[in-house]
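Okay, so here's the structure we're looking at.
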Amino acid sequence: MTERPRQTASPDAPVFRFAPSPNGRLHLGHALSALLNAQMAESIGGRLLLRIEDIDLTRCTPELEQAIIDDLTWLGIPFERPVRRQSEHFALYREALDRLQAMGLVYPAFLTRGEVKARVSAFEREGGLWPRDPDGAPLYPTEERSLGEAERSEKLANIERHAWRLDIDKALHVVGARLTWQETGDGPQGEMPADPAAWGDVVLWRSDAPSSYHLAVTVDDAAQGVTHVVRGLDLFHATSVHRLLQTLLGLPQPVYHHHRLVLGPDGRKLSKSHGDTALSALRAEGKTPSDIRAMVGI
């Protein structure tokens, strides 16, 4: 299929972005998000950018990145070039982390996932109820916030693997004001109250992954001048964290549009990790871009 002409929107036009990770093949859920981004950008004379979110250097590959571009070209989605790759901007994310560190808002965290899981299990076996984030994951224990400088320095010198986490209580104290975001999506609409505290002390940087999703996506949206974030409802609550980071770092606030999800036969959202049918497989079966649009309800 011939790719549609590139957009000719002015540089100061609204900016949308489609931001997949090249750690698997795109499926129908990605198609819905990409098509909605393109449709909404076109409707208001906006620009559509493609961002490759490849901070996971062990799972993301150039071959899967090319497969993403091939799928989008086949669908006729006219994204602008050059493509932005997160792997080329680690220094920018580190600069943001350093700013938060200078504000006294981040701390090194040394517990492994296994250690946290064991602690949570022991606590709940005794009848306690460990707090969980909106995705159902246990919140990280908070005692490392108050480690003394000597103990913290010793751990940093002797424990190779650690993360940097945001002290949510200090961060909210610095912000002070009530946080909200403007929502136009398929769920609640209007001015949404942000609740970053529900996520606890989120990870901002890992030893095995330069930056975290929360920090990188917040910095990238600002760096690319994104004015409209169109993504799935599964990320609705994560917007609270992004609004907090935007406020702390003095970054602009986009308008958010969280759209419905494409669900599998078992009622769960489609996922690359579960091997859900890829767009490339549907194309090989003879499906057309029009068929894909119909399958996702566009």
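Observations on the structure shown:
- Size of charge dipole - the stretch 1-158 - debye, nearest 20, with Cβ of Lys, Arg +1 and Asp, Glu -1, no other charges: 200 debye
- Neighbour-limited loop hits for trypsin sites (Lys or Arg not before Pro), the stretch 152-212 (at most 10 other Cβ within 10 Å; DSSP other than H, G, I, E, B): Arg161, Arg178
- Site pair Asn23 and Leu233 shows an inter-label distance of 2.4 nm when each label is modelled 7 Å from Cα along Cα→Cβ.
- Contour excess over end-to-end distance, with Cα ends at Ala294 and Val255 and 0.36 nm allotted per residue: 11.3 nm
- Simple point charges give the picture: +1 on the Cβ of Lys and Arg, -1 on the Cβ of Asp and Glu, and for the chain a dipole about the Cα centre of about 380 debye.
- For semi-axes √(5λ) of the Cα gyration tensor in Å, the value computed from the atomic coordinates appears in the list (1) 35, 22, 19; (2) 75, 21, 13; (3) 40, 22, 15 under label (1).
- Our estimate of slack between Leu263 and Leu156, defined as 0.36 nm per intervening residue step minus the Cα-Cα distance, is 34.2 nm.
- Computed from the C-beta positions of Glu42 and Ala284, the FRET efficiency with R₀ = 30 Å rounds to 0.60.
- Over the stretch 93-181, Cα pairs under 8 Å with separation of 6+ residues give a relative contact order of 43 percent.
- Between the amide H of His259 and those of Asp186, Arg231, Gly232, Leu233, distances stay under 5 Å, these residues lying 5 or more places away or on another chain, with hydrogens modeled in the peptide plane.
- Close Lys-Lys pairs in the chain, where close means Cα under 28 Å and separation is 8 or more or interchain: 7
- With a Förster radius of 35 Å applied to the beta-carbon distance between Phe90 and Glu143, the computed FRET efficiency rounds to 0.75.
- Rounded to 5, percent antiparallel among DSSP beta bridges of the chain: 50 percent
- Taking each DSSP H run with n ≥ 4 as -39500 (n - 2.57) and averaging over every residue of the chain yields -11000 deg cm²/dmol at 222 nm.
- DSSP finds beta bridges in the stretch 171-298, and of those with both partners inside it, around 50 percent are antiparallel.
The numbers here are math on the coordinates, done by the rules we state, and not lab data. Just so it is clear, the structure is predicted and the values come from calculations on it, not from any experiment. A quick note on method: Cβ atoms are made from the backbone with ideal geometry, for glycine too, and the neighbour counts reach across all protein chains shown.
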